[in-house]
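The values are calculated or read from the model by the stated rules, or taken from the named source; none is laboratory data. Please read all numbers here as calculations on a predicted model, not as lab measurements. Heads up, the Cβs are rebuilt from the backbone with ideal geometry, glycines too, and the neighbour counts pull from every protein chain shown.
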Amino acid sequence: MRRPPPRTLRGQLTAGLVTLLALACVAVGISTALALRGFLMGRLDEQLAASGGRFAASLEHESERDADNSSDTRGQAESTFGARLLNGVVTQAAVVDDAADRPVRLTSEDRHALAGVPVDGNGYSIHLSRLGTYRVSAVRGDDRDTLITGLPLHPVEETVHRLAAVEAALFGAALVATGFAGALWVRVSLRPLRRVAARATEVAGLPLASGEIAMPGPLPDTDPRTEVGQVGAALNHMLGHVENALTSRQASEERLRHFAADASHELRTPVANIRGHAELALRRHGPVPAAVRHALERIDGESRRMTRLVDDLLLLARLDAGRPLEHEPVDLTLLILNATDDARAAGPRHHWLLDLPREPVTVTGDAHRLQQAVGNLLANARTHTPPGTDVTVALTTDRTGVTVEVSDNGPGIPEEILPEVFGRFVRADHARSRATGSTGLGLAIVHAVVTAHGGTATVTSSPGRTAFRLTLPR
């Protein structure tokens, strides 16, 4: 199985360093081997030129050679080869063996190779079947014959192979040592970059979308002479801009929360007075003109709607400010039963279904706020689905928490609204919401209440099924 290339910068730098060193070692090894082989071949050519074909010339007089059974081997190295050719045909061939010559039996390929050696005194490499590879040189004899003298190439090849083996061992050890040292050096050199990456990861994990954020301090590695220092300086500059933007946003949100809380608080009294005067006028004995009664009823209905809006805004402002909630045991099973009974009374034409465990489920929290959250979900299902819709309230538990799910088989939530469904003043149908008295804050209160309890609120919707899930810790 082929190993994938290293993905980290440290791995890539180390691999690149070792690869470059390996290429350099290969180039040096090949160069030295070729240089040594060329040098040794030159020495062989010099020895061949110095011999002058003396050994091959001594093979010319066969009768004299038979008389004393020796040729002129003086000054000839062992395994020296000699051959005499007349008119391109090999007549005698011998090799020096233990300071004496020994006849060599040649094949037709050997004779053809010897006949093809140029007669110019230069060295050429040929292969002889019984002797191996030789470096030979051919010169013209006194009797118009050709004298060939050769020296074996085996010592040269053996020396070159030994050099290659030594270089391979040395270069291999150098590559291993360089790999470890290079990895350590790259690791130390990239330590500032790892700090930059760790700081960026730390900032990426912060909840930047909401709340007051404590940004980490600046990085110390900001030397502009290095690339890592430039990256660190750029990151510090960016973090400074992000911190300023978050501070400005937080201040703006705080001002908006204070304004909403103050405005809602100030509006409660005049709205209550308007509602009281309208109710008092409607209770007046005696005939009241129909137009006046209708106006008074409209004033009373709008004042009630205004009261609900003010109460919702005050609740959201308190939750945003982190006001502590009550922490007491809450029977979720009983809470869901009561909320469903209220929803059944308000929407008798819907089908209200329950899926509750056999044993009561208890959590710690604020019973009133949790009742309000579940009630808002049921009211939302009743308001935004047609009569006859099935609305199911399910309660499940696991080791980590409790889940309350309110689902229906209505038309679903439009796709463009789904990502912002828990936002404030978000309405699927503006005309219908105003007609039913919806403020657009019900689901925002659900999300705020569940978040204040340390839980989460999610929604999934498609035509034919919409499900809101509230997950609370045990």
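Of the residues making up the range 262-271, one or more are modelled with pLDDT of 75 or more and not small (Gly, Ala, Ser). Taking the criterion of being among the aliphatic types (A, V, I, L, M) and part of a loop (DSSP other than H, G, I, E, B), the residues of the range 130-157 that qualify are LEU131, LEU153. In summary, GLY141 fulfils each of the numbered conditions (1) surrounded by 14 or more Cβ atoms within 10 Å (Cβ to Cβ); (2) modelled with pLDDT of 90 or more with the single exception of condition (2).
Could you tell me which numbered condition VAL330 fails, if it satisfies all but one of (1) within 30 Å of GLY388 (Cα to Cα); (2) touching a helix residue (DSSP H, G or I) at 6+ places or on another chain (Cβ under 8 Å)? The number of the failed condition is (1).
The lone criterion from (1) surrounded by 14 or more Cβ atoms within 10 Å (Cβ to Cβ); (2) in contact with a Pro (Cβ under 8 Å, 6 or more places away or on another chain) left unmet by GLY365 is number (2).
Answer yes or no as to whether HIS127 is assigned to a helix (DSSP H, G or I) and either surrounded by fewer than 19 Cβ atoms within 10 Å (Cβ to Cβ) or assigned by TED's automatic domain parsing to the domain that holds LEU85 (or both). No: the conditions fail for HIS127. One residue stands out among those in the range 385-399 that are of a type in the set (D, E, K, R) and surrounded by fewer than 10 Cβ atoms within 10 Å (Cβ to Cβ): the one that is modelled with the highest pLDDT, which is ASP398.
Residue by residue, here is whether (1) in contact with a Phe, Trp or Tyr (Cβ under 8 Å, 6 or more places away or on another chain); (2) within 21 Å of THR460 (Cβ to Cβ); (3) among the β-branched types (Val, Ile, Thr) holds:
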site: VAL292; (1), (2), (3): no, no, yes
site: THR307; (1), (2), (3): no, no, yes
site: ASP331; (1), (2), (3): no, no, no
site: ARG344; (1), (2), (3): yes, no, no
site: HIS350; (1), (2), (3): no, yes, no
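Pairs linking a residue in the range 209-231 that is closer than 17 Å to ARG195 by Cβ and at pLDDT below 70 to a residue that is basic (Lys, Arg) and surrounded by 12 or more Cβ atoms within 10 Å (Cβ to Cβ), with Cβ atoms under 8 Å and 6 or more positions apart or on different chains, are ASP221/ARG195. Is it true that some residue in the range 326-339 is loosely packed, with under 13 Cβ neighbours inside 10 Å, more than 23 Å from GLY454 (Cα to Cα) and not aliphatic (A, V, I, L, M)? No: the range 326-339 contains no residue that is loosely packed, with under 13 Cβ neighbours inside 10 Å, more than 23 Å from GLY454 (Cα to Cα) and not aliphatic (A, V, I, L, M). Taking the conditions (1) touching a Pro at 6+ places or on another chain (Cβ under 9 Å); (2) under 20 Å from GLY442 (Cα atoms); (3) assigned to a strand (DSSP E or B) in turn, PRO386 satisfies each one other than (3). Those strands (runs of 3 or more DSSP E) of the range 278-368 in which 2 or more residues are without any contact (Cβ under 8 Å) to a residue 60 or more places away in the chain and under 27 Å from GLY440 (Cα atoms) occupy 351-355. Under the condition of being acidic (Asp, Glu) and under 22 Å from VAL374 (Cβ atoms), the residues counted in the range 398-420 number 4.
ARG191 meets all of the listed conditions (1) modelled with pLDDT of 85 or more; (2) within 24 Å of the chain's Cα centre (by Cα) but one, namely (1). Comparison of VAL186, VAL166, VAL160, VAL203 shows that the only residue that is assigned to a helix (DSSP H, G or I) and under 17 Å from VAL18 (Cβ atoms) is VAL186.
Report yes if some residue within the range 85-105 is more than 30 Å from LEU21 (Cβ to Cβ), within 60 Å of the chain's Cα centre (by Cα), not in a loop (DSSP other than H, G, I, E, B) and not hydrophobic (A, V, I, L, M, F, W, C); otherwise report no. Taking every residue of the range 85-105 in turn, none turns out to be more than 30 Å from LEU21 (Cβ to Cβ), within 60 Å of the chain's Cα centre (by Cα), not in a loop (DSSP other than H, G, I, E, B) and not hydrophobic (A, V, I, L, M, F, W, C). Annotation note: of LEU163, LEU175, the sole residue that is aliphatic (A, V, I, L, M), under 56 Å from the mean Cα position of the chain (by Cα) and modelled with pLDDT of 90 or more is LEU163.
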